[in-house]
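Below is one structure, written out as structure tokens; comments come after it.
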Amino acid sequence: MQKMQGGIAVFAAAPMRNRNSDVDHEYRQDSDFFYLTGFDEPESFCVLAPGNQKHEYLLFVLPRDKEKETWTGVRAGVEGAIQQFGAEMAHTTDKLEEILTELLQNAPALHYSLNKYPESDRRIFAALDSVRAKGRAGIYAPSRIIDPWETLSEMRLYKKLDELEALQRAVDISVRAHSAAMKATAPGRFEYEIQAVLEYAFRASGSQRNGYPSIVGSGSNTCILHYTRNNRKLQDGDLILIDAGAEFDYYTADITRTYPANGKFTSAQRAVYELVLEAQKKAITHMRPGITWMQVHSLTVGTLTQGMISLGLLQGRLDENLENENYKKYYMHRTGHWLGLDVHDAGKYRKTETWRVLEPGMVMTVEPGLYIPPDDENKTFRGIGVRIEDDVLITKDDPRVLSAACPKEIDDLEAIVGTAGLPEIP
């Protein structure tokens, strides 16, 4: 409200989405809505009215309904919205247009994200039309509609203590799950069996849901960046790449580990892995205040490109390969992204025309990789895909690797892989 500089802000909850027939997808609240309210029921609205003499923070929620609650669970209702979630005033959702029409009268601006949820747009537009109809009485609708995304994304970019605690819990759960998956990995098992071990550990450790669909790719599937079929049988000599993170209290981890299915790197796999690990470690050491995100990426690209030349994947001088972006044949994504309520979290990467500098309180992933296609002309490294990803908090001093406990050194990986079987199913 302090940053709005006048006007009324309206935020809509995420709607329920149908999966098929009469079955809905599991509900997850809109991240901005949850960030502001902590309220996780659908069909809700948050209204901020700074300076309003009656109430500055209002929630519009579904009413208590004993019959419906029998089917879908207990609702907070109007009383709960006030007592449990701190709203100064709460109403049932059917009152939104009526009360919003009153609040919008002569307001200089409406802060609202258009077309994010078209179902909600219709209700907001109806309130605006009601205000416009009062023009002859000297009452006017807001002359501007301002998207609050930029303000909120800047706020979300700097993590407060309670956010970091939730994020660290999500990371700790994910580390435990990745370690369990490593122990259960062996040739002859299917990718989905390893995924089941991983996600069982998520739930057993208190995670409400995945932060994103788990990537469990083996063999040449390690070269598919967003592979989620997870249905291949692991073969002796395969690498397996797992990119997965648990969500805890709406904050998500994002960790990737790559290791041999049989517990022993081949010489070719080891060479590629050591290069990616070197690039990642160098990048992490530079995650400090005053460094730009693009400087970290450029450093990573330079390390990987020089390594690709040494391995024979690229030919020619380093500067030529960098200038012509030849490295993109094997490394086609950025080195990291913001992390928080969303796996690709809110926050601009540029401020005006320049890349923004890292500052304390920001959390980023660091995830270099190399992906050599199975039909590559270099037969030595065909089908090898490696990505190593950690979650890093920028502090005023050294970067803090939140996921440091997850094994990634070659000796540690070879020592843990295959040391436990799959859980027994009665």
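Since every read-out is calculated from the coordinates, none of them should be taken as a lab result. Please read all numbers here as calculations on a predicted model, not as lab measurements. Reconstructed Cβ throughout: ideal geometry from the backbone, glycine too, with neighbour counts over all protein chains shown.
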Quiz item: What spacing in nm lies between the two simple spin-label points modelled at Asp121 and Glu325, each 7 Å away from Cα in the Cβ direction?
Solution: 3.2 nm
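Just for the stretch 8-154, what percent of DSSP beta bridges are antiparallel, to the closest 5?
Looking only at bridges with both residues in the stretch 8-154, the antiparallel portion is about 55 percent.
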Quiz item: Kirkwood Rh, the stretch 182-290, all Cα pairs: how many Å?
Solution: 15.0 Å
Self-check item: Pairwise FRET efficiency - Arg28 versus Tyr192, Cβ, R0 = 25 Å, nearest 0.05
Solution: 0.65
Self-check item: Using a Förster distance of 60 Å, the FRET efficiency for Glu67-Lys281 (Cβ separation, nearest 0.05)
Solution: 0.55
Exercise. Evaluate the distance, in nm, between pseudo-label points positioned 7 Å from the Cα of His226 and of Asp397 along their respective Cα→Cβ axes.
Key: 4.0 nm
Quiz prompt | Residue of Arg203, Arg19, Arg350 that the Gaussian network model of the chain assigns the largest fluctuation, springs spanning Cα pairs under 10 Å | solution = Arg19
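Express the relative contact order of the chain as a whole percentage, based on alpha carbon pairs under 8 Å and six or more residues apart in sequence.
Values: 849 pairs, mean separation 60.4, N = 426.
So the answer I get is 14 percent.
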Quiz item: So, counting K/R as plus one and D/E as minus one, what does the shell of residues with Cβ under 15 Å around Glu165 add up to?
Solution: -2
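Neighbour counts of other C-beta atoms within 10 Å: give me Trp355, Trp149, Trp293 arranged from fewest to most.
The most exposed by this proxy come first: Trp149, Trp355, Trp293.
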Quiz prompt | Length released on extending from Glu274 to Lys351, taking residue separation times 0.36 nm less the Cα-Cα span | solution = 24.3 nm
Quiz item: Looking at the chain, what % of its DSSP beta bridges pair antiparallel, to the nearest 5?
Solution: 80 percent
Quiz item: Say we join alpha carbon atoms closer than 10 Å with springs in a Gaussian network model of the chain; which of Gly263, Gly336, Gly73 then has the biggest fluctuation?
Solution: Gly73
Exercise. Would you kindly derive the ³J(HN,Hα) couplings of the stretch 74-91 from the backbone phi angles with the Karplus curve 6.51 cos²θ - 1.76 cosθ + 1.60 (θ = phi - 60°), listing them in order in whole Hz, with x for Gly and Pro?
Key: 6, 9, 6, x, 4, 5, x, 4, 7, 6, 9, 10, x, 5, 6, 8, 9, 9
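Please give the peptides 245-252, 391-398 ranked by average Cβ packing (other Cβ atoms within 10 Å per residue), highest first, as a rough proxy for protection.
Ranked from most to least packed, the peptides come out as 245-252, 391-398.
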Quiz item: Say R0 is 25 Å: what FRET efficiency, to the nearest 0.05, do Met155 and Leu422 get from their beta-carbon distance?
Solution: 0.05
Quiz item: Along the stretch 274-280, what does the Karplus equation 6.51 cos²θ - 1.76 cosθ + 1.60 (θ = phi - 60°) give for ³J(HN,Hα), rounded to whole Hz, x for Gly and Pro?
Solution: 4, 5, 5, 5, 4, 5, 5
Quiz item: So, by mean Cβ neighbours within 10 angstrom, what's the order for 266-274, 20-28 with the highest one leading?
Solution: 266-274, 20-28
Quiz item: Amide H neighbours of His91 under 5 Å, counting only residues 5+ apart in sequence or on other chains, H built in-plane at 1.01 Å?
Solution: Leu59, Phe60, Val61
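Given the DSSP H assignment, sum -39500 (n - 2.57) over each helix run of at least 4 residues in the chain and divide by its residue total; what's the result at 222 nm in deg cm²/dmol, nearest 500?
-10500 deg cm²/dmol
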Exercise. For the stretch 158-416, just say rounded, prolate or oblate: build the C-alpha gyration tensor, square-root its eigenvalues into a ≥ b ≥ c, call rounded for a/c under 1.5, and beyond that prolate if a/b exceeds b/c, oblate if not.
Key: oblate
Quiz item: Which translational diffusion coefficient, to the nearest whole µm²/s, is obtained for the stretch 109-250 from the Stokes-Einstein equation, given a Kirkwood hydrodynamic radius over C-alpha pairs, 20 °C and 1.002 mPa s?
Solution: 113 µm²/s
Quiz item: Under the Karplus relation 6.51 cos²θ - 1.76 cosθ + 1.60, θ = phi - 60°, what is the ordered set of whole-Hz ³J(HN,Hα) values for the stretch 99-114, x standing for Gly and Pro?
Solution: 6, 5, 4, 5, 5, 7, 5, 6, 6, x, 7, 10, 9, 7, 8, 5
Quiz item: If you rank Val401, Val301, Val74 by fewest surrounding Cβ atoms within 10 Å, what's the result?
Solution: Val74, Val401, Val301
Self-check item: Those lysines that a straight Cα-Cα span of less than 23 Å connects to Lys183, excepting residues fewer than 8 apart in one chain
Solution: Lys233, Lys264, Lys408
Quiz item: What order do you get for 41-50, 187-196 when each peptide is scored by the mean count of other beta carbon atoms within 10 Å, highest first?
Solution: 41-50, 187-196
Quiz item: With the chain treated as a Gaussian network of Cα nodes joined by springs under 10 Å, which of Ala346, Ala127, Ala177 yields the largest mean-square fluctuation?
Solution: Ala127
